[in-house]
Amino acid sequence: MEAEARNILERAAESSFPPLHAVHHLLSVGVCVRCILRLLGAYSSACSYACLTASVLHSFLEEHDESIKGGSCPCLSMNDAYCSVCLGVLLPTFHRDEGLETPNGISHIDNMSSVISQAVHGESYQVDEFSLEISLPPVIAANERAVRLYMKQKYGNENWFKDKMFAQQTMSVKEALRLLIAPSLEKLMNAKHGNNSFRIRLTYTHGDASQKLHSLLPNEHSRKRKPDSRKGGDASNEAHKRNSADGNPIQTSESDSFIYKSLEGIQDQEFCNAFQLPPEKVFKPCHLLISCLRSPTYLGGRYLKLSRNVSQSCWIIDDERMGEASVEIIGENVRAICRGDSCKFHAAGREDIDVRMLGSGRPFLVEVLNVRSIPSETEVQQIEERINNSEKKYVIVRNLKLVDNEIWTMMREGEAEKQKQYTALIWTSRDLTDDDLHNISIMKEMEIVQKTPIRVLHRRSPLERKRIIHWMEIEKITGSSNYYLLHLCTQAGTYIKEFVHGDLGRTHPSIGAIIGCRAEILQLDVTDVKMDFLP
């Protein structure tokens with residue numbers, strides 16, 4: 001391994017190393033070997049080799065740099081210090097709530113991979129592919145800039161030094177860390193790196209260093225104050241310190257965003273006056289928070305609602321639940337099998353609590369968030385059977401299957417264009433003649449105008465909508481008087497109840513207006529929702 005490391009350094013020195021005494025000076029001010037290599041743009045992929053250590057680089061420099069041969073060098077005497085640029089992220093060493101993570105007979109890289117793998121498996125995630133998301137404290141960017149400006153001050157007048165030695169295209173700490181741990185993590189987890197559907201997020205924070213950086217930023221007092229800032233001038237600093245220490249991703253992200261923006265607005269001269277060059281040595285590593293997140297998993301199908309006392313979504317009025325259950329019980333059954341954090345139920349339209357959904361059923365999607373396990377075809381079938389065989393048959397599911405998230409877009413776009421079929425039990429104030437029945441049945445593509453129904457005005461905007469009744473058929477119920485079954489096909493969004501009784505003239509024409517008498521709807525069933533992508 002040492003021979004391999006020396007070979008890497010030989011190649012780096014041949015390609016783009018500056019004078020070796022400058023490389024040695026970077027090492028002496030606390031910059032780790034990986035940050036040296038990536039900042040100099042020297043054979044950047046070398047950052048991923050576990051065999052590269054500060055002692056190997058120092059030994060290499062002693063052999064090749066005449067200026068330091070035989071002399072005493074203090075650059076390796078502070079073994080308890082971490083890189084003054086990356087704060088130990090590329091060692092990689094870090095602190096977690098359980099304590100400092102140090103190798104025990106294995107390399108730092110393998111130890112890091114082991115900790116990540118344990119965090120993933122501890123949540124029982126099923127992982128075939130993964131991607132790494134890395135969040136670093138902005139103090140690392142400030143440290144890197146401080147080292148660049150320090151080297152420019154020290155060597156800027158020398159012939160070999162050019163700004164391109166520290167070009168903006170050099171490898172970032174995030175890129176170097178991915179190169180460093182991804183291969184080891186792939187082997188340990190037996191999974192491929194690169195897919196974004198399952199993300200392992202590494203959130204690094206450093207409360208002490210970030211607090212010092214925060215206090216050095218100019219124009220801090222011109223920052224917009226949050227409500228608690230009136231409690232004292234240090235309120236925002238204290239909040240930042242708490243956020244950095246706790247590793248709260250949302251709060252830390254907001255604070256970091258402000259710091260990055262502030263750093264970008266500082267000119268080099270102002271930066272040199274405000275910040276220490278080179279950055280001071282650090283004796284405490286970053287705190288690391290490991291979290292995992294899988295992109296939403298979607299299962300789709302069609303549901304039938306067999307009860308007139310089941311709502312589509314959970315319906316609560318004055319802390320009292322309306323109905324026996326809701327169609328969303330489908331989502332909870334799916335979530336339980338997939339072991340997700342939560343789920344969202346999406347349907348192509350909705351029916352009232354007292355309306356059954358029959359026939360082919362209504363298309364729906366269950367969006368399950370952060371699932372631990374992607375269900376197999378067998379497990380999907382088990383979910384369907386579990387729902388359909390429940391003791392209280394409120395809901396039946398058909399054709400349940402895993403679907404792409406594109407189906408969600410298709411369902412939303414197709415919702416306004418779909419056609420729906422209904423069967424309604426209606427009562428009329430007089431017996432209908434054969435001519436009445438005939439006149440209703442011959443109507444095709446009839447346009448009606450509906451104002452927002454009175455029954456929903458409290459929660460919907462008062463609008464006027466045009467809708468199409470594609471066709472209707474009506475039949476008298478044998479052995480009864482004034483009771484009929486009305487079958488009709490309409491444009492999505494048609495208020496069927498109001499189309500029957502007219503809603504005090506707010507829907508026109510209505511069945512009552514067409515036959516010239518009072519008409520009331522007693523029961524309503526949806527019998528078909530025509531959408532091809534979820535058959």
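The values are calculated or read from the model by the stated rules, or taken from the named source; none is laboratory data. Note that the coordinates shown come from a computational prediction; the quantities given were computed from them, not determined experimentally. Methodologically, a virtual Cβ is constructed for each residue, glycine included, from the backbone with ideal geometry; neighbour enumeration extends over all protein chains shown. Just so you know, the surface numbers come from the protein's heavy atoms only, side chains and all, with ligands and any DNA or RNA stripped out. Shrake-Rupley method; radii C 1.70, N 1.55, O 1.52, S 1.80 Å.
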Number of positions in segment 417-453 that are under 25 Å from Ser313 (Cβ atoms), part of a loop (DSSP other than H, G, I, E, B) and open to solvent by less than 60 Å² (accessible area, probe 1.4 Å)
3
Please enumerate the residues belonging to segment 283-308 that are open to solvent by less than 20 Å² (accessible area, probe 1.4 Å) and over 30 Å from Met410 (Cβ atoms).
Pro285, Cys286, Leu288
When the residues of segment 479-489 are narrowed to those that are open to solvent by less than 40 Å² (accessible area, probe 1.4 Å) and modelled with pLDDT of 95 or more, which ends up nearest to Thr409 (Cα to Cα)?
Cys489
Consider segment 490-499. How many of its residues are farther than 17 Å from Leu432 by Cβ and open to solvent by less than 20 Å² (accessible area, probe 1.4 Å)?
5
Which condition number in (1) in contact (Cβ under 8 Å) with a residue 40 or more places away in the chain; (2) open to solvent by 30 Å² or more (accessible area, probe 1.4 Å); (3) in the same structural domain as Gly361 (by the TED database) is the one that Val327 fails?
(2)
Could you grab the pairs with beta carbons closer than 6 Å, sequence gap of 6+ or different chains, first residue in segment 285-303 and under 30 Å from Val85 (Cα atoms), second one open to solvent by 30 Å² or more (accessible area, probe 1.4 Å) and assigned to a strand (DSSP E or B)?
Pro285/Tyr82; Pro285/His95; His287/His95; Leu288/Arg96; Ser291/Arg201; Leu293/Arg199
Go through (1) open to solvent by less than 20 Å² (accessible area, probe 1.4 Å); (2) in contact with a Cys (Cβ under 9 Å, 6 or more places away or on another chain) and name the single condition Gly502 misses.
(2)
Failed item in (1) under 24 Å from Phe94 (Cα atoms); (2) at pLDDT 85 or above, with Asp268 passing the rest:
(1)
How do the pairs read when you match residues in segment 494-521 that are assigned by the TED database to the domain that holds Thr428 with residues anywhere that are surrounded by fewer than 16 Cβ atoms within 10 Å (Cβ to Cβ) and part of a loop (DSSP other than H, G, I, E, B), using Cβ under 7 Å and keeping only pairs 6 or more apart or on different chains?
Tyr495/Pro453; Glu498/Pro453; Asp503/Pro453; Arg506/Pro453; Gly512/Arg518; Cys517/Ser429; Cys517/Arg430; Arg518/Ser429
Going through segment 151-171 one residue at a time, which ones are open to solvent by less than 40 Å² (accessible area, probe 1.4 Å) and modelled with pLDDT of 85 or more?
Met151, Tyr155
Does segment 310-317 contain any residue that is surrounded by 14 or more Cβ atoms within 10 Å (Cβ to Cβ), out of contact with any Asp or Glu (no Cβ under 8 Å at 6 or more places or on another chain) and not assigned by the TED database to the domain that holds Pro138?
yes
State all residues of segment 515-534 that are assigned to a loop (DSSP other than H, G, I, E, B) and either in contact with a Ser or Thr (Cβ under 8 Å, 6 or more places away or on another chain) or farther than 22 Å from Tyr303 by Cα (or both); if no residue qualifies, say none.
Gly516, Cys517, Arg518
Any residue in segment 348-368 that is in a loop (DSSP other than H, G, I, E, B), open to solvent by 30 Å² or more (accessible area, probe 1.4 Å) and of a type in the set (Gly, Ala, Ser)?
no
Given the options Ile383, Ile374, name the one that is within 14 Å of Tyr303 (Cβ to Cβ), in contact with a strand residue (DSSP E or B) (Cβ under 8 Å, 6 or more places away or on another chain) and touching a residue at least 40 places away in the same chain (Cβ under 8 Å).
Ile383
Which of (1) within 28 Å of the chain's Cα centre (by Cα); (2) open to solvent by 40 Å² or more (accessible area, probe 1.4 Å); (3) of a type outside the set (Gly, Ala, Ser) is the odd one out, the single condition Arg386 does not satisfy?
(1)
Given the options Gly512, Gly493, Gly479, name the one that is of a type outside the set (D, E, K, R), farther than 18 Å from Glu445 by Cβ and in a loop (DSSP other than H, G, I, E, B).
Gly479
Looking at segment 257-269, is at least one residue assigned to a helix (DSSP H, G or I), under 30 Å from Leu87 (Cβ atoms) and within 20 Å of the chain's Cα centre (by Cα)?
yes
Can you tell me which residue in segment 519-532 is nearest to the chain's Cα centre (by Cα), limited to those that are modelled with pLDDT under 95 and open to solvent by 50 Å² or more (accessible area, probe 1.4 Å)?
Asp532
The condition of being within 16 Å of Gly502 (Cα to Cα), in the same structural domain as Ile515 (by the TED database) and not acidic (Asp, Glu) holds, among Arg465, Arg460, only for Arg465
Residue pairs meeting the criteria (Cβ under 7 Å; at least 6 apart or on separate chains; first touching a residue at least 60 places away in the same chain (Cβ under 8 Å) and on the phi > 0 side of the Ramachandran plot, in segment 348-369; second assigned to a loop (DSSP other than H, G, I, E, B) and not acidic (Asp, Glu)):
Gly349/Ala492
Among the candidates Gly207, Gly122, residue that is of a type outside the set (Lys, Arg) and without any contact (Cβ under 8 Å) to a residue 12 or more places away in the chain
Gly122
